[in-house]
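Undergrad: This is the structure I want to talk about, given as structure tokens.
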Amino acid sequence: MLVHDMIEVRFHGRGGQGAKIASRILGRSGFLAGLYAQDFALFGAERRGAPVVSFTRLSAEPIQQRGDIERPNLVLVMDDSLLKESPAQVFHGVSGATPIIVNADPEGLACAVKELPAVKYFCIDMQRLAHQWIGQSFVSAIAAAAAAKCIPAIKLDQLTEAVRSEIAEFGLAPDLVEKNLAAARAAYDQTPSIDLARAPKLEQDFPAAWQAVPYLGTAQFAGPTIRQRGSAALRATGNWRTERPVIELAKCKRCFLCYLYCPEAAMRLDAENFPHVDYDHCKGCMICYAECPTDAISRRMEL
Ligand code: SF4
Ligand code: SF4
């Protein structure tokens, strides 16, 4: 990194995946490497599975800039379903030369990018690494390691120290901290060398697929405008899920608790009053799993 250059990294994830922790690990890694660092997150809907964006700025000079990262040098996408979700704004401020590292399997990404803007995609199967090394779909340390590999000023030792302190601060048990460290090292090894310095600054935005509503002040608007009633069903929250509930009907006593507690109305009852999950709208919050008195509901990782 040149002395006056600033590296700006944007992480896109879903609530529960650890996008904020990823940006913190990268920020701390940069700090340990002797750089000035900023990291912060924007949670939007603040619901598990909802799009989350977090940011890390690193520079050899003091950082005067505040606010969101509009022109990232590097983008990390921790859930590939966000690529096609306009409100997630993954492509905002991205040029054709901006590297985008996507958590996906190579085959799936190759298929998906045919309909996406032509940028420089790099594929790391973070989900697979997380399951292999951690046994959970927690990809913070892995995403941070992939980003750190692209910043030559950050060495592996600084990354691992940052992972250790950030994950421990998060309150995870010592064995989980070690597992996250192993996952971070594996991700660091797997990430190709990506030269961020060669990515030219943006000349032309990709056209946004959404329309921003101008802010007109509280005198005109007291809240969002609802244009259509009953439209929540049109929002397929199923792609927010990292885990799915599975019902074993033989154990079900038809107490209806899962049906009553589900915040998405994603539990349906059949003609005999047995519950069934509507996977198009179940967001994987696992409230039904926690409430079921007969352990008829189990949780499975989405792979
Ligand atoms: S996990 Fe259970 S409670 Fe949560 S949205 Fe899905 S069906 Fe509803
Ligand atoms: S909470 Fe459990 S026992 Fe009760 S209806 Fe749901 S699955 Fe059946």
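The values are calculated or read from the model by the stated rules, or taken from the named source; none is laboratory data. Remember, predicted model here, so these are calculated numbers, not experimental data. Backbone-built Cβ (ideal geometry, glycine too); neighbour counts: all protein chains shown. Accessible surface is based on the protein model in full, side chains and every heavy atom, while ligands, DNA and RNA are left aside. Shrake-Rupley method; radii C 1.70, N 1.55, O 1.52, S 1.80 Å.
Undergrad: Sum -39500 (n - 2.57) across every DSSP H segment of at least 4 residues in the chain, then divide by the residue count to get the 222 nm mean residue ellipticity, nearest 500.
TA: -7500 deg cm²/dmol
Undergrad: May I ask you to derive the relative contact order of segment 232-301, considering only C-alpha pairs under 8 Å and at least 6 residues apart, and to give it as an integer percent?
TA: Here the relative contact order equals 47 percent.
Undergrad: To check you understand DSSP bridge types, tell me what percent of the beta bridges within the chain (both residues inside) are antiparallel, rounded to 5.
TA: Given both bridge residues lie in the chain, the antiparallel proportion sits at roughly 65 percent.
Undergrad: What is the set of long-range amide H partners of Val52 at a cut-off below 5 Å, with H atoms built 1.01 Å from backbone N?
TA: Under 5 Å from the amide H of Val52: Gly13, Arg14, Gly15.
Undergrad: Can you give the local net charge around Arg24? Use residues other than it whose beta-carbon is closer than 15 angstrom to its beta-carbon, Lys and Arg +1, Asp and Glu -1.
TA: Overall, the nearby charge balance is +1.
Undergrad: Count charges around Phe55 for me, please; just the other residues with Cβ under 15 Å from its Cβ, Lys/Arg as +1, Asp/Glu as -1.
TA: So the environment of Phe55 carries a net charge of +3.
Undergrad: Just to confirm the number: angle between the C-alpha axis of helix 174-190 and the first principal axis of the chain, 0 to 90 degrees, nearest 10?
TA: Between helix and principal axis, roughly 60 degrees.
Undergrad: A further question on this structure: Amide H neighbours of Thr98 under 5 Å, counting only residues 5+ apart in sequence or on other chains, H built in-plane at 1.01 Å?
TA: Lys120
Undergrad: Roll a 1.4 Å probe over the protein chains and send me the accessible area per residue for segment 6-198 in Å².
TA: Here the per-residue accessible area is 41 Å².
Undergrad: Do any cysteines of the chain lack a neighbour Cys whose Cβ is under 4.7 Å away, and which are they?
TA: Taking the Cβ cut-off of 4.7 Å, the unpaired cysteines of the chain are Cys111, Cys123, Cys150, Cys252, Cys255, Cys262, Cys282, Cys285, Cys292.
Undergrad: Hey, can you rank 242-251, 267-276 by average C-beta count inside 10 Å, highest first?
TA: Final packing ranking: 242-251, 267-276.
Undergrad: Can you tell me what the convex hull of the Cα atoms of the chain projects to on average, as an area in nm²?
TA: 18.7
Undergrad: Something else about it: Using the per-residue mean of other Cβ atoms lying within 10 Å as a proxy for protection, in what order, highest first, do the peptides 31-40, 119-128, 179-188 fall?
TA: Listed from highest to lowest mean packing, they are 179-188, 119-128, 31-40.
Undergrad: Among the listed pairs Lys149/Lys179; Lys155/Lys179; Lys179/Lys251; Lys120/Lys283, which have their C-alpha atoms separated by more than 26 angstrom in this model?
TA: Beyond 26 Å: Lys179/Lys251; Lys120/Lys283.
Undergrad: Would you work out what percent of the accessible area of the chain, with all protein chains in place, is carbon or sulfur (probe 1.4 Å)?
TA: Looking at the chain in its full context, I get 53 percent from C and S.
Undergrad: Still on this structure: Can you tell me the order of 18-30, 74-86 when each peptide is scored by its average per-residue count of other Cβ atoms within 10 angstrom, highest first?
TA: Descending mean neighbour count gives 18-30, 74-86.
Undergrad: Tell me the angle of helix 19-32 to the major Cα principal axis of the chain, expressed in degrees between 0 and 90 and rounded to the nearest ten.
TA: Between helix and principal axis, roughly 20 degrees.
Undergrad: Now for a different question. Against the longest alpha carbon principal axis of the chain, how many degrees, from 0 to 90 and to the nearest 10, is the axis of helix 156-169 turned?
TA: The two axes meet at around 40 degrees.
Undergrad: For the chain, what's the relative contact order in percent, using C-alpha pairs closer than 8 Å and at least 6 residues apart?
TA: Relative contact order, the chain: 17 percent.
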